[in-house]
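The values are calculated or read from the model by the stated rules, or taken from the named source; none is laboratory data. Keep in mind the model is a prediction, meaning the values are calculated, not measured. Note: ideal-geometry Cβ built from the backbone for every residue, glycine included; neighbour counts use all protein chains shown. Just so you know, the surface numbers come from the protein's heavy atoms only, side chains and all, with ligands and any DNA or RNA stripped out. Shrake-Rupley method; radii C 1.70, N 1.55, O 1.52, S 1.80 Å.
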Amino acid sequence: MLGQKGHAALILMSLFLLLWQQVMSIEVPQDPKIQQDLKQPPTIIKQSVKDYIVDPRDNIVIECEAKGNPVPTFEWRRNGKFFNIGKDPRVMMRKRSGTLEISFRSGGRPEDYEGEYQCIASNDFGKALSNRILLRVSKAPLWPKEVLEPVMVTEGSSLVLPCNPPPGLPPPSTFWMDSSMTPIPQDKRVSMGLNGDLYFSNILVRDAQTDYSCNARFLFTHTIQQKNPFTLKVHTSRKTVESTPSFLSPSGSESSKMVLRDEQLLLECIAAGLPTPTIKWFKKGGELAEWKVRFENHNKTLKILSVSEEDAGEYVCMANNHLGSIRHSIFVQVKAAPYWLDKPTNLVLAPDENGRLVCRANGNPKPNIQWLVNGQPIETAPLNPNRQVLGDTIIFRSVQIGSSAVYQCNASNQHGYLLANAFISVLDMSPRMLGPNNQLIKVTENNRTFLDCPFFGSPLPVLRWFKNGQGSGLDGGQYRVYINGTLEIKRARKEDEGIYTCVATSIMGTAKNQVRLEVKEPTRIIQAPMDQSAVRGSAVRFECVVNSSLPTSVTWTKDDRPLYLGWRLKKDETSLTIPNINEGDEGTYTCNVKSEIDQDSASAHLTVLEEASHNHSVSSALPAGRPDPPTDLDLSDPTARSVRLTWIPGNEHRSPVTEFHVQFEEDRWEPGKWQNLSIYPGDLNSVILQLAPFVRYQFRVIARNSVGPSEPSQPSPRYTTSGASPDAIPRDLRGWGSKKDNMNITWEPLRDLERNGPNLHYSVWWRRKDSEEDWNTVTTFQSKHVVHPTETYVPYEIKIQARNEFGHGPESNVVIGYSGEDKPTDTPTNLQVSKVTNTTAAIQWTPVHMSSVQGEFKEYKLYYWRESSQVPSLAVSKEKTTRGFYTTVAQPSGLLTDLVPYSNYKMFIVVANNHFESLPSNTVEFSTKQGVPGALQFFRINRRSLEIIYLEWDKPQEPNGVLIGYLLKYQTVNGSRLGPLQVETFLPNVTQFTLRLPNPTSRYNFMLAALTKLGTGVVYSEELPHFSNEAYINQVDIATQGWFIGLMCAIALIILILLIVCFIKRSRGGKYPVRDKKDLPLDSVDQKDQDGSFDYHSDEDNKPLQGSQTSLDANAKESDDSLVDYGEGGNGQFNEDGSFIGQYTVKKDKDETEGNESSEATSPVNAIYSLA
């Protein structure tokens, strides 16, 4: 009876393990938006090695770093007890890390801190442990003092000089040298063993010396210590006696060696004897693989770098010389510290999901597995009913929020241990879209297209695609949806353009994103450049005409390198012109056309010819041309599905034919349309064509060389293939319902060339799935059959076969189709609301039985609307909003988000299939809590004077609660510098405020927000002054400045003085002698404007003098009686306000100056003029 129970338990456990193997942990994407909100237990990401040896001259740093959310805190254990870091002034923990730093600047011994350390990283969701770090201080002890007596040895005998280095940490490396620091030569006869001793297989007279010294190198301290030297004295004899081999190391006929897996195996055999013995190695029952085994130290050492279990066994070393041989057996045992077979990994689950942690390790002896949770043995940890430990596996069932923890697996045996942390994190997160919104994808026709829709949620949402907001989801046919959300369109066509929406749905809600697809014609070169041969000095033009529905860029290359156009080459949109060609222009020119989504290219070769001479044939200077079409097409060797086609190639025109294109035309399905059949190399003119049955063919051939294709040949005689049963299976077989009591079976009919014979029809079979009833069958010539009547939404097995007069083709695989859907019969009940905040509400309901959905279960659809606001007299929109929840659990729930605070809501829920919704559930009312206010309806600032502004605003359109007032903040702004913040508060019934600015010329920034008891709402910010007021402020500011008033007064005084001077000058000008134009009248008085001011730019300045045809500038050169004659060089200067500030100076002829010198000196007018 007990045996039967044990057998049943074993079967049950096997079923459990089979079930949990199918559970997949949720893979959390590395998207920053997800990681920021992701709450996870700590994970150790950096730690010191297990066996940690430190240099005593340095500070000690024990590393421990971890990640998690919230950020972990750290603590340490030393020798299994809590290590109080705060009590030791030498120990410090780095910020935002668990790394310890132990400093000895103020004294202390590093040896006092030796021991075993373990780091613990903790946050709200668990504790992670580091390895147990054994800290030891490096040691380099001195060589013990000893007096070494001279070593006396007879020539030909063996000798061992012991080294015995001091036991350092880590152990030192040894080597032998003499007093001049020259290494002792080592060879087949003399060598150092693995233990550091120096072995002589036989002694020679030249070995006698006084300074054989063993040296020990300590890596950490970078020091070398030298042992007192040996003095070796050799006794010689007349005749050296030869000896048979004997082992110096190891001793005896056999020994044993234990080595750990993955470590290095070193076996050594050193033999004495004269002549020096030769060492050879063998392995009993196996071979020494050359790729794995190395022989060192003149074959005395066998080395295997990384040992595995198959390296265990008996190794034999044999030493021999001509006198004999000797053997030694070394029995190697391979043990193993624990190593991972299946290391536990982090497990992220959604609520109510199942999972498992597996910890499998191997070793020799087999390791013991121990589980811990948050650093505590699982046997003593708090009981978790959702957790079951089965040896090296922990099974979790229906995990819940709060079950997150870090589990440790410790695998250990006598040779070592392994410690692994793996957390289980229970995550509930509403669906989120990770890709860019409203992305535009452009593709070319007839290409595979992928529309990406990365998403995430916990539980993992179900993703469906819709086109243009219609349909029941895209999957099947030319569409395929991958598990990562990507939609594949197998062959994009023009009709596939549109807006594709991906919708991710889970119990936590729905998220969606849109991708707009544009299908473009491919970019093609419709007129490609052609090979040309041209005489040096002539011009060449390569055509490159492009057809594209997208903007393109055209670039040219020469011999696959970018072509530098320079000043000589000319490129336009459709061609490249090379004038005055020379030998350097010869090469292959490629036109590269590129759009944003595709590209095309075409090449042509330019051959530069010397000028034709009498010695060259005429044909050598002619360019290559397209080949002539093939002729004399002949058909032979007919079979049911093939025929041989033979032709005679045409003239190649100086360019060899590279390929032949065979085309066909048939007169039954598409008469007159030539289609490509095959392409063959240019050296063939007879080929066997593979054909389809029941087709009347005729063929033609097109030759192609480097210049281009030939004209098509004349058609061959017609050839008719015999009929056969179909070879193809109708594609895209589907079963779907258009009404609740039918199922449409549809498929893609065979192509014309797949018919293989007349009277093509289809046999269709269907039956209820899992019913084991006989197949129903029908024969039809159409590509659709309607099964009627059927039960609502019943699965059917469907298959199809094509037939014609010659027989039937292969049957298709069985596909599953469904009859039509109907309105769900049951309604979700007991809709409830809990945990209502200002913007969210948790909901629960009683689900319906899936059989009542009467169709494919799509979602539970929640209808909710804002019935009213709790703020009196606030009008709201009662438009219904929907939220979908895809869940099939026994106690479904969801989270409603983005609600308006302080509002009264109503809602009901229905269950939906692809076409219908059920009757609504009970209507539930609930009210959201207060939140912070929304933005003000407006905020205006009016400036009534330089120092006073008027602020006016209106209450928020969404108060989101009871307003308790308004908060106004303002400060001066000068570039990036901000002044002190001023604060004003107002009662809720105040919507205007008059403010006197303390500094009217400064810029101000005003920030106003409404207040509820929960805090400040959306801030409405305005800056003063506005740009329209800037000029006004600047004008007032300048006009009131003292420096500006003084400047204006000075300018007015200068203008007054100049007016007086000009008036005097004008009056005096008539008394000056004039040589050439004495009879010309001059105006005695300047013209004035109507307001009485002088006009220095009157019409008189712009017209010539009486009797003159030249301008005033020209007269200045002819007349001495002009203002130019009286000015300094004729260059008048004006101030910024337009006033004339140049000084008039008297300019006279030499004669007049001499004749009127006395009068000039005594003239009162001149005196006044000189002062001016």
All positions within region 157-170 that are open to solvent by 20 Å² or more (accessible area, probe 1.4 Å), closer than 30 Å to Val54 by Cβ and outside any strand (DSSP E or B) = Asn164, Pro165, Pro167, Pro170
key: Subset of region 249-269 (residues that are in contact with a Cys (Cβ under 9 Å, 6 or more places away or on another chain) and either of a type in the set (S, T, N, Q) or open to solvent by 50 Å² or more (accessible area, probe 1.4 Å) (or both))   = Ser249
ask   = Are there any pairs with C-beta distances below 7 angstrom linking a residue in region 426-454 that is touching a residue at least 24 places away in the same chain (Cβ under 8 Å) and within 23 Å of Gly509 (Cα to Cα) to a residue that is open to solvent by 20 Å² or more (accessible area, probe 1.4 Å) and among the acidic types (Asp, Glu), with the two at least 6 apart or on different chains, and if so which?
value = Leu434/Asp31; Gly435/Asp452
inquiry  = Based on this model, can you work out whether Asp211 counts as open to solvent by 40 Å² or more (accessible area, probe 1.4 Å) and in contact with a Phe, Trp or Tyr (Cβ under 9 Å, 6 or more places away or on another chain)?
reply    = no
query = Just a yes or no: is a residue in region 364-387 closer than 25 Å to Asp352 by Cα and touching a helix residue (DSSP H, G or I) at 6+ places or on another chain (Cβ under 9 Å)?
reply = no
message = Can you go through Ile45, Ile62, Ile26, Ile53 and tell me which one is of a type outside the set (Lys, Arg), within 29 Å of Thr393 (Cβ to Cβ), open to solvent by less than 50 Å² (accessible area, probe 1.4 Å) and touching a strand residue (DSSP E or B) at 6+ places or on another chain (Cβ under 6 Å)?
response = Ile26
inquiry  = If I ask for residues that are open to solvent by 60 Å² or more (accessible area, probe 1.4 Å) and in a strand (DSSP E or B), which ones from region 641-686 would you list?
reply    = Arg644, Ile648, Asn676, Ile679, Pro681
inquiry  = Just the residues that are farther than 14 Å from Thr301 by Cα and in a strand (DSSP E or B), please, taken from region 171-205.
reply    = Ser173, Thr174, Phe175, Trp176, Met177, Pro183, Leu198, Phe200
note = If you go through Thr236, Thr182, the only one that is touching a helix residue (DSSP H, G or I) at 6+ places or on another chain (Cβ under 9 Å), surrounded by fewer than 18 Cβ atoms within 10 Å (Cβ to Cβ) and either farther than 30 Å from Glu310 by Cβ or of a type outside the set (Asp, Glu) (or both) is Thr236
query = For region 178-189, does any single residue satisfy the condition of being within 24 Å of Phe218 (Cβ to Cβ), of a type outside the set (Gly, Ala, Ser), touching a His at 6+ places or on another chain (Cβ under 9 Å) and modelled with pLDDT of 90 or more?
reply = yes
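Each row is one residue, and each column tells you yes or no for (1) in contact (Cβ under 8 Å) with a residue 60 or more places away in the chain; (2) in contact with a Cys (Cβ under 6 Å, 6 or more places away or on another chain).
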{"site": "Leu148", "(1), (2)": "yes, no"}
{"site": "Met152", "(1), (2)": "yes, no"}
{"site": "Val160", "(1), (2)": "yes, no"}
{"site": "Leu169", "(1), (2)": "yes, no"}
{"site": "Met177", "(1), (2)": "no, no"}
{"site": "Pro185", "(1), (2)": "no, no"}
{"site": "Gly193", "(1), (2)": "yes, no"}
{"site": "Gly196", "(1), (2)": "no, yes"}
key: Residue satisfying condition, being in contact (Cβ under 8 Å) with a residue 40 or more places away in the chain, surrounded by 18 or more Cβ atoms within 10 Å (Cβ to Cβ) and in a strand (DSSP E or B), within set Pro338, Pro351   = Pro338
inquiry  = Considering only residues that are closer than 15 Å to Glu63 by Cα and modelled with pLDDT under 90, which ones fall in region 86-134?
reply    = Lys95, Arg96
ask   = Could you say whether any residue in region 522-530 is in a strand (DSSP E or B) and in contact (Cβ under 8 Å) with a residue 60 or more places away in the chain?
value = yes
note = Filtering region 186-196 down to residues that are more than 59 Å from the chain's Cα centre (by Cα) and open to solvent by less than 50 Å² (accessible area, probe 1.4 Å) yields Arg189, Val190
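Does Asn838 meet the test of being under 49 Å from the mean Cα position of the chain (by Cα), within 30 Å of Gly931 (Cα to Cα), open to solvent by less than 60 Å² (accessible area, probe 1.4 Å) and not acidic (Asp, Glu)?
On the way: under 49 Å from the mean Cα position of the chain (by Cα): yes; within 30 Å of Gly931 (Cα to Cα): yes; open to solvent by less than 60 Å² (accessible area, probe 1.4 Å): yes; not acidic (Asp, Glu): yes.
Yes; evaluated as a whole, the condition is true for this residue.
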remark   = The lone condition Asp752 fails out of (1) modelled with pLDDT under 90; (2) under 24 Å from Gly473 (Cβ atoms) is (2)
inquiry  = Looking only at region 674-697, count every residue that is within 18 Å of Ser636 (Cβ to Cβ) and not hydrophobic (A, V, I, L, M, F, W, C) and tell me the total.
reply    = 7
inquiry  = Of everything in region 781-826, what is in contact with a strand residue (DSSP E or B) (Cβ under 9 Å, 6 or more places away or on another chain), open to solvent by less than 40 Å² (accessible area, probe 1.4 Å) and either free of Cβ contacts under 8 Å to residues at least 24 places away in the same chain or in a loop (DSSP other than H, G, I, E, B) (or both)? Give them in sequence order.
reply    = Thr790, Val794, Gly809, Ser812, Ser819, Gly820, Pro824
request  = Taking the residues in region 365-400 that are basic (Lys, Arg) and part of a loop (DSSP other than H, G, I, E, B) as candidates, determine which candidate is surrounded by the fewest Cβ atoms within 10 Å (Cβ to Cβ).
outcome  = Lys366
query = Only one residue in Pro920, Pro901 is in a loop (DSSP other than H, G, I, E, B), out of contact with any helix residue (DSSP H, G or I) (no Cβ under 8 Å at 6 or more places or on another chain) and surrounded by 17 or more Cβ atoms within 10 Å (Cβ to Cβ), so which one is that?
reply = Pro901
key: Pick from region 856-873, criterion assigned to a loop (DSSP other than H, G, I, E, B) and either among the charged types (D, E, K, R) or in contact with a strand residue (DSSP E or B) (Cβ under 8 Å, 6 or more places away or on another chain) (or both), ranking: nearest to Val932 (Cα to Cα)   = Gln870
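Scan region 211-222 for residues that are closer than 22 Å to Asp197 by Cβ and either in contact (Cβ under 8 Å) with a residue 60 or more places away in the chain or in a loop (DSSP other than H, G, I, E, B) (or both) and report the count.
3
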note = Residues of region 614-636 being part of a loop (DSSP other than H, G, I, E, B), modelled with pLDDT of 50 or more and over 22 Å from Arg541 (Cα atoms), in sequence order, are Asp628, Pro629, Pro630
message = Return the pair list, or none, for Cβ contacts closer than 9 Å from residues in region 973-998 that are in the same structural domain as Gly1015 (by the TED database) to residues that are open to solvent by 100 Å² or more (accessible area, probe 1.4 Å) and in a strand (DSSP E or B), at least 6 apart or on different chains.
response = Pro988/Lys955; Thr991/Lys955
inquiry  = Looking at the structure I just gave you, is Thr345 in a loop (DSSP other than H, G, I, E, B), of a type in the set (Val, Ile, Thr) and more than 39 Å from the chain's Cα centre (by Cα)?
reply    = no
